[in-house]
Amino acid sequence: QVQLVESGGGLVKPGGSLKLSCLASGNIFSIYSMGWYRQAPGKQREFVAHMTTGGSKTYADSVKGRFTISRDNANNTVFLQMNSLKPEDTAVYYCKYVQRSGTYWGQGTQVTVSS
């Protein structure tokens, strides 16, 4: 089993920045990819950013140029740096790990962008 714990969410004004963290623990091995997804009220969960262990990164069109995914392998942590935040970025953000043993999700962290 793998446990994922997100942190770093909060309330921020439009144009502001936040950095989310996802700490992984447990039986972490043979990781294929790590990613971030989000779910706004009344909407389906959607893809935000994705990173393979080889370092290849993919972003949703809506966040390209504003969000950056990165990782700290030594500390089993994945980050999402979010800049130039917009009200439409308001959502619960979830971390996702895909490894040989399966797919794992965190419990989510709330991000609210409002003036």
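The values are calculated or read from the model by the stated rules, or taken from the named source; none is laboratory data. Computed from a predicted model, the values in this text were never measured in an experiment. When we count neighbours, we look across all protein chains shown, and the Cβ atoms used for this are built from the backbone with ideal geometry, even at glycine. Please note that ligands, DNA and RNA were not included when accessible areas were found on the heavy atoms of the full protein model with its side chains. Shrake-Rupley method; radii C 1.70, N 1.55, O 1.52, S 1.80 Å.
Structural remarks
- Meets criteria (open to solvent by less than 70 Å² (accessible area, probe 1.4 Å), within 16 Å of the chain's Cα centre (by Cα) and basic (Lys, Arg)) for ARG45: no
- Which listed residue is of a type outside the set (Phe, Trp, Tyr), open to solvent by less than 40 Å² (accessible area, probe 1.4 Å), touching a strand residue (DSSP E or B) at 6+ places or on another chain (Cβ under 9 Å) and at positive phi, from GLY108, GLY35: GLY108
- Count - residues of the range 11-41 that are at pLDDT below 95 and not in a strand (DSSP E or B): 5
- The set of residues from the range 52-82 being at pLDDT below 95 and either touching a helix residue (DSSP H, G or I) at 6+ places or on another chain (Cβ under 6 Å) or among the aliphatic types (A, V, I, L, M) (or both) comprises just one member, ALA74.
- Selection from the range 73-100 of residues that are buried (at least 19 other Cβ atoms within 10 Å of the Cβ), free of Cβ contacts under 8 Å to residues at least 60 places away in the same chain and of a type outside the set (A, V, I, L, M): ASP89
- The set of residues in the range 81-102 being assigned to a strand (DSSP E or B) and more than 22 Å from SER115 (Cα to Cα) consists of TYR94, CYS95, LYS96, TYR97, VAL98, GLN99, GLY102.
- Single residue of the range 26-72 satisfying the filter (in contact (Cβ under 8 Å) with a residue 60 or more places away in the chain and among the aliphatic types (A, V, I, L, M)) that is nearest to VAL111 (Cα to Cα): MET34
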